[in-house]
Amino acid sequence: MPGRVGLCDSMMLMYIIMVLCISITFVVAYIILRRGLEEEIPTTFKELKLSSPSIRIIIILFRYMLTSLSFIGLAIVLILSAILVSSITSTSLLSTTIEFKNPLFTGYFLVMDDIQSLNKVKNIKTLRFLVVQIYDRIDIKFNGNTIELYPLIIQCNEYTPEITELCKLVESKCMVILDHKLAKELEHELTTVLTLKTTSTDISIPTDRICFTNLSRVMNIELLPNMYFVHTIGVFGGFTVKLSNVSVIGILHPEILDSICSDGCTFRAIAFFIERPSTDLQESSLLYGYVDTNRVEIFSRTYVPTLKSFIGFILTVVLTTIVSIVASGGIVEVLRNLSEKLRIQGFTYESISTAIKIVLLIMALVLSVPTYIIAYSLYGLTPSIMGIATILLGSWNISRLISLRLRRSVYAIEPSIAYTNRMIVGIEWHGDIRSLLQCLGELFKNDEFFELSEYEYIKASSNRYLARIELMYRYAMAVMISVELYISREAASTWIFDIVADVWSYEELEREKTLSLAMMAISKVIGGLRLCLLK
């Protein structure tokens, strides 16, 4: 009953994991709902001085991710979902079926090329027939003459009419079987001893242990599709090339195999069995399959998930996505606030959305490491790969969902920002307006998008100021943005900023590009004013 006990243990473990996943999912959802789908964020936003604006966004999002309950909950859900998929994944060998009529043997077969597997196969009781095609030529020396041969070693536990004569010769006294056409040529040449010379040793064989028969009868025996009894040289244009000269073929007794391959040899062995060979032999072989009366089913060494596993994988990803919809409310709310702060510094929605996807991808890759270790130790290679696929696909769905909801949220609040080169804002300022303008100019001296060309402001009257900022865009050739500020006092401490941006270029720019650069400059000005207010 060991198999039944192991199955029960596996089922019990799977149920425990499922209950754990569902329990943690409900706990995370309950905590998120109790907190109102919002998380507290800092009221101030410190400006980072880095060479790449993309790195700034990624670092900010990483800081939030490491301290966010919503993100931690999503990470836990992804890991548990991946382990759940791994636990329900079952695999089967990839196989193909080939039509094959009149086989020499029916049953299971192995095709191998390593000596360790061959030594195991020789001693299996359920072995029916074994042929070893050795591609290292050997020499037979007699009376100063030499014959070069390609050796075939056969072991017959069962045999069919096509190979009955050969098998009986091997079972009798014959150590070497040559073609009958050589009998007359060697009739007066053979003495008492024949030397079988290999690369590593010489084997002396008495002449009475050498037999002759008509080997042409086995030349066209096809053991498997395109695999013949004799050596197969290769395939040319769909046609299998095999040895055709019977005079270069020598069939040897299995006892000689160890001597020929004592220092290694190049060979291909084809073995037929009554029962299915062990799993380790299947995995170490080149081909493994089953021969029927009219077809051959060949199994590769590649394990693939079953249809049931794919259905479980899809259902788990759907469940993970549903939980993500619940948890993403709080995430989107916080990201929307972060986006507003980033947008007033000149970041576009596209750059923010891309950064979110990169952060989630990095999170998925980081989570894949412990998930792979756990799943591989419990269930094996293929189930662990399915678990990693669950994390990657779930993270992709989450990133798409968050980006879509964030886009709707941002565009619902500021629908006109991307389509204007002029904005009017009101700022409450109790101090000298000139100190605020001076602070604004200092911020533009170390900007990652623009290089400050000119900055000046003048007092037009007691309640009116004029300012002009000339900026060079760093990521294009000869593109300048001129930003003009018309500043007027509306009340005792309220100032109105009318900001207009014009884009100049030696090259013709598309209207969308021009508006994007103008809006970026205006956003930098507004963001700079708000940062100066915090100082």
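When residue 505 is tested against (1) loosely packed, with under 13 Cβ neighbours inside 10 Å; (2) farther than 13 Å from residue 425 by Cβ; (3) touching a residue at least 24 places away in the same chain (Cβ under 8 Å), just one condition goes unmet, and that condition is (1).
Looking across the stretch 357-373, the residues that are open to solvent by less than 70 Å² (accessible area, probe 1.4 Å) and farther than 22 Å from residue 335 by Cα come down to 368, 370, 371. Which residue pairs have Cβ atoms under 6 Å apart, sit 6 or more places apart or on different chains, and have a first residue in the stretch 97-119 that is closer than 18 Å to residue 299 by Cα and open to solvent by 30 Å² or more (accessible area, probe 1.4 Å) and a second that is of a type outside the set (A, V, I, L, M, F, W, C) and assigned to a strand (DSSP E or B)? What qualifies is 97/295; 97/297; 99/295; 108/290; 113/268.
Inside the stretch 171-184, can you point out the residues that are open to solvent by less than 10 Å² (accessible area, probe 1.4 Å) and over 14 Å from residue 214 (Cβ atoms)?
Correct list: 174, 176.
Would a scan of the stretch 379-398 turn up a residue that is under 30 Å from residue 488 (Cα atoms) and at pLDDT 70 or above? For the stretch 379-398, residues under 30 Å from residue 488 (Cα atoms) and at pLDDT 70 or above: absent. Do any residues in the stretch 170-192 that are more than 16 Å from residue 154 (Cα to Cα) have Cβ atoms under 9 Å from those of residues that are at pLDDT 75 or above and of a type in the set (Asp, Glu), where the two are at least six apart or on different chains, and which pairs are they? Listed by first residue and then by second, the contacts come to 192/208.
Looking at 455, 486, 473, 465, just one residue is open to solvent by 70 Å² or more (accessible area, probe 1.4 Å) and aromatic (Phe, Trp, Tyr), and that residue is 486.
Out of the residues in the stretch 207-233 that are of a type in the set (Val, Ile, Thr) and outside any loop (DSSP other than H, G, I, E, B), state the one that is nearest to residue 181 (Cα to Cα).
So, considering only residues that are of a type in the set (Val, Ile, Thr) and outside any loop (DSSP other than H, G, I, E, B), the one nearest to residue 181 (Cα to Cα) is 213.
One line per residue, one yes/no per condition, for (1) closer than 15 Å to residue 423 by Cβ; (2) open to solvent by 60 Å² or more (accessible area, probe 1.4 Å); (3) over 45 Å from the mean Cα position of the chain (by Cα):
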| site | (1), (2), (3) |
| --- | --- |
| 478 | no, no, no |
| 481 | yes, no, yes |
| 492 | no, yes, yes |
| 512 | no, yes, no |
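The values are calculated or read from the model by the stated rules, or taken from the named source; none is laboratory data. Source: prediction; values computed, not measured. Cβ atoms come from the backbone with ideal geometry, glycine included; neighbour counts cover every protein chain shown. All accessible areas refer to the heavy atoms of the entire protein, side chains included, with ligands and DNA or RNA removed. Shrake-Rupley method; radii C 1.70, N 1.55, O 1.52, S 1.80 Å.
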